[in-house]
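Q: Supplied in structure tokens, the structure appears directly below.
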Amino acid sequence: MYALELHRLRSDELRRTAQEDRLAREVLRSRRAARRADAAGDGAPAAESHTGRPRRHRLPRTA
């Protein structure tokens with residue numbers, strides 16, 4: 001009985017954590033969408049990066 005109760009408590013905790021994570025991801029997605037909409041409204045390309053560094057450092061290929 002004790003093990004079953006621990007299992008239920010842990011399961012409930014995992015469900016709560018998963019729901020909080022889903023809500024956090026949803027908030028981030030909505031913020032990004034709002035930023036993209038604001039940037040697109042100003043005439044600037046939405047996906048353009050404003051950093052001067054390249055996206056990926058490529059290693060030379062070996063023979």
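Q: How large is the charge dipole for the stretch 1-40, taken about the Cα centre, if only the Cβ atoms of Lys, Arg (+1) and Asp, Glu (-1) carry charge, to the nearest 20 debye?
A: I would put it at about 300 debye.
Q: In sequence order, what are the phi-derived ³J(HN,Hα) couplings for the stretch 20-33 according to the Karplus relation 6.51 cos²θ - 1.76 cosθ + 1.60 with θ = phi - 60°, rounded to whole Hz, with x for glycine and proline?
A: 4, 5, 4, 5, 5, 5, 5, 4, 4, 4, 5, 5, 4, 4
Q: Would you calculate the separation in nanometres between label points at E26 and A39, each defined as 7 Å from the Cα along the Cα-to-beta-carbon direction?
A: 2.5 nm
The numbers here are math on the coordinates, done by the rules we state, and not lab data. Quick caveat, the model's predicted, so the values are computed rather than measured. Here the Cβ is made from the backbone with ideal geometry for all residues, glycine too, and neighbour counts use every protein chain on show.
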